[in-house]
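J.: Sharing a structure here in structure tokens format.
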Amino acid sequence: MARNKNKAENKHRVDLDVERGIAPGLVAKTKKRLVIASGRSHEALAVDVAEALGTELVPTEHRTFASGEVLTRFEVSIRGCDVFLVQSFGPPVNEWLMELLIMLDAAKRASAKRITVVAPYYPYSRQDKKGRGREPISARLVADLLKTAGANRVMSVDLHAAQIQGFFNGPVDHLFAKPVLLDYFEKNLSEGDRAKLTVVSPDTGRVRVADTWSDSLDAPLAIIHKRRDPNVANQVTVNEIVGHVGGRVCLLVDDMIDTGGTIVKAAQALKANGAERVIVAATHAVFSAPATDRLQDASIDEVVVTDTIPLPDEKRFPGLTVLPIAPLLARAIREVFEDGSVTSMFDGAA
């Protein structure tokens, strides 16, 4: 009798579904579950992201064997979960990349419903095109590796080149650290500094980004024209400055600082042309040697970065300010999970 009643109820529901233009089917009792997992490259950032979302990291076992091989195992079930894997790429980059690929494979084989790679700093992002013959396009290779390993989506902050978004055959959420940095300067620059502020692009490739800073801060724009020897890594020659910087407070904006050569030469050129102060703002503090020593040059008054890459104590110095990127990542993750709009976070620019 009960079985016949259930059949009648199911038949009634299916008939109603068809009348409403909905395909007949079953309604699952399960709900979406957001989980945050982390590699070992920047676990402190992943913890901050999880706390901002009101959760904890997935208990995960990580091992590196004597041979150098890496093992990752999720210690709890993630079946049907919306998994966000947080892995940034400070040194050793290649080990953390391999660990991420193994985590992706483990999550895929553990039946995660969707896997999003949260890579605040995208590895090999400067190898986005062929500068000379017989060179690789390694940024595309990384995208292929992530896709093959099981990533459904990628989230990153301030890609070195916007076209990297097209290398991944799936959704890419390109976030911008500008709101985080801009909020700091709006709160900490004095009225006198704001009146004399000039935004400076360290090279022609960053003019578009610097122009948006110029609009946001209602400040004039200056551009430094530089030449780089394609046969010598990390060597820059500053040629000339386009714009007025004499007696101005110059805000140098860039996406990353690696060895610091470009930024220091730019700052020196600004001071040589009469700049009153030079403040450097960058998203990714790669800080390869000898960046820490270079950035303490007398031509630079302050350096402001975010913590997309872990910065050990030995790479920190007086005059360096590190801003947290976790709140921005957490908000973007929530938007993705709830099928919201990441673009709305950046006034339609993302």
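J.: What ranking, highest mean first, results for peptides 192-204, 313-325 when packing means the other Cβ atoms within 10 Å averaged over each residue?
T.: Result, highest mean first: 192-204, 313-325.
J.: Suppose only helical runs count, i.e. DSSP H with n ≥ 4. What mean residue ellipticity at 222 nm does that imply for the chain under -39500 (n - 2.57) per run, divided by all residues and rounded to the nearest 500 deg cm²/dmol?
T.: Calculated from helices alone, the mean residue ellipticity at 222 nm is -10000 deg cm²/dmol.
J.: What angle do you read, to the nearest 10 degrees and between 0 and 90, between the alpha-carbon axis of helix 43-53 and the longest principal axis of the chain?
T.: 60
J.: Continuing with the same structure: List every residue whose amide H lies under 5 Å from the amide H of residue 200, counting only residues 5 or more places away in sequence or on a different chain, with H placed 1.01 Å from N in the peptide plane.
T.: Hits under the 5 Å cutoff: 222, 251, 252, 253.
J.: For the chain, what is the charge dipole size about the Cα centre, in debye to the nearest 20, if Lys and Arg each add +1 at the Cβ and Asp and Glu each add -1 at the Cβ?
T.: Charge dipole, the chain, about its Cα centre: 1460 debye, nearest 20.
J.: Please report how far the C-alpha centroid of the stretch 306-350 lies from that of the stretch 82-150, rounded to the nearest whole angstrom.
T.: Between the Cα centre of the stretch 306-350 and that of the stretch 82-150, the gap is 18 Å.
J.: Across the stretch 292-309, in residue order, what do the Karplus-derived ³J(HN,Hα) couplings come to in whole Hz, using 6.51 cos²θ - 1.76 cosθ + 1.60 with θ = phi - 60° and x for Gly and Pro?
T.: The phi angles translate into 4, 5, 4, 6, 8, 4, 4, 6, 10, 8, 7, 10, 10, 9, 10, 9, 5, 10 Hz.
J.: Now a separate question. Among the listed pairs 226/315; 271/315; 187/271; 29/113; 196/271; 130/226, give every one whose C-alpha distance is greater than 18 Å.
T.: Going by Cα-Cα distance, 226/315; 271/315; 187/271; 130/226 fall outside the 18 Å limit.
J.: Placing +1 on the Cβ of each Lys and Arg and -1 on the Cβ of each Asp and Glu in the stretch 99-183, which of 145, 112, 177 has its Cα farthest towards the positive end of the resulting dipole?
T.: Ranked along the dipole, the leading option is 145.
J.: Evaluated at 20 °C with a viscosity of 1.002 mPa s, what Stokes-Einstein diffusion coefficient in µm²/s does the stretch 49-193 have when Rh comes from the Kirkwood expression over alpha-carbon pairs?
T.: 126
J.: On to the next question. With the Cα gyration tensor of the stretch 301-350 giving a ≥ b ≥ c as the square roots of its eigenvalues, does the rule (a/c under 1.5 for rounded; else a/b larger than b/c for prolate; else oblate) give rounded, prolate or oblate?
T.: Prolate shape, in that a/c is at least 1.5 and a/b is the bigger ratio.
J.: Roughly how many Å² of residue 343 are accessible to a 1.4 Å probe, to the nearest 10?
T.: Its accessible surface works out to 50 Å², give or take rounding.
J.: What does the convex hull of the Cα atoms of the stretch 24-84 come to per residue, in Å³, rounded to a whole number?
T.: It is 111 Å³ per residue.
J.: OK, next. Excluding residue 325 itself, what net charge comes from residues whose Cβ is under 9 Å from its Cβ, given Lys and Arg +1 and Asp and Glu -1?
T.: After counting each charged neighbour, the total is -2.
J.: Residues of the chain: accessible area per residue at 1.4 Å, in Å²?
T.: 51
J.: Could I ask something else about it? Out of these labelled values of volume of the Cα convex hull per residue in Å³, (i) 185; (ii) 144; (iii) 127, which was calculated from the coordinates shown here?
T.: (i)
J.: For the Cα atoms of the chain, what angle does the longest principal axis make with the long axis of helix 2-19, in degrees from 0 to 90, nearest 10?
T.: Between the helix axis and the principal axis of the chain, the angle is about 50 degrees.
J.: Could I ask something else about it? Would you kindly calculate the mean projected area, averaged across all directions, of the convex hull enclosing the Cα atoms of the stretch 240-293, in square nanometres?
T.: Here the figure is 3.6 nm², rounded to one decimal.
J.: Between the helical axis of 326-337 and the dominant principal axis of the chain, each derived from Cα atoms, what acute angle in degrees is found, rounded to the nearest 10?
T.: The helix 326-337 is inclined about 30 degrees to the chain.
J.: Rounded, prolate or oblate: which fits the stretch 270-316, taking a ≥ b ≥ c as square roots of the Cα gyration tensor eigenvalues, rounded meaning a/c under 1.5, else prolate when a/b beats b/c?
T.: Prolate, since a/c reaches 1.5 and a/b exceeds b/c.
J.: Then there's this: Please say if the stretch 65-113 is rounded, prolate or oblate, where rounded means a/c under 1.5 for a ≥ b ≥ c the square roots of the C-alpha gyration tensor eigenvalues, and otherwise the choice is prolate for a/b larger than b/c and oblate otherwise?
T.: Note, shape of the stretch 65-113 comes out oblate.
J.: Sticking with this one: Report, to the nearest whole %, how much of the accessible area of the chain belongs to carbon and sulfur atoms, 1.4 Å probe, protein only.
T.: Within the chain, the accessible surface is 50 percent carbon and sulfur.
J.: To continue, here is another question. Starting from the Cα of residue 195, step 7 Å along the direction of its Cβ; do the same at residue 109; then give the gap between the two resulting points in nm.
T.: Here the modelled spin labels are 6.6 nm apart.
J.: Could you check what % of the DSSP bridge pairs in the chain are antiparallel, to the nearest 5?
T.: 20
J.: Would you tally the net charge around residue 47, using a Cβ to Cβ cut-off of less than 15 Å, leaving residue 47 out, and scoring K and R as +1, D and E as -1?
T.: Charge balance near residue 47 sits at -4.
The values are calculated or read from the model by the stated rules, or taken from the named source; none is laboratory data. These numbers come from a predicted model, not from an experiment. As a convention, Cβ positions derive from the backbone with ideal geometry for all residues, glycine included, and neighbour counts pool all protein chains shown. Calculation scope for accessible area: heavy atoms of the full protein, side chains included, ligands and nucleic acids excluded. Shrake-Rupley method; radii C 1.70, N 1.55, O 1.52, S 1.80 Å.
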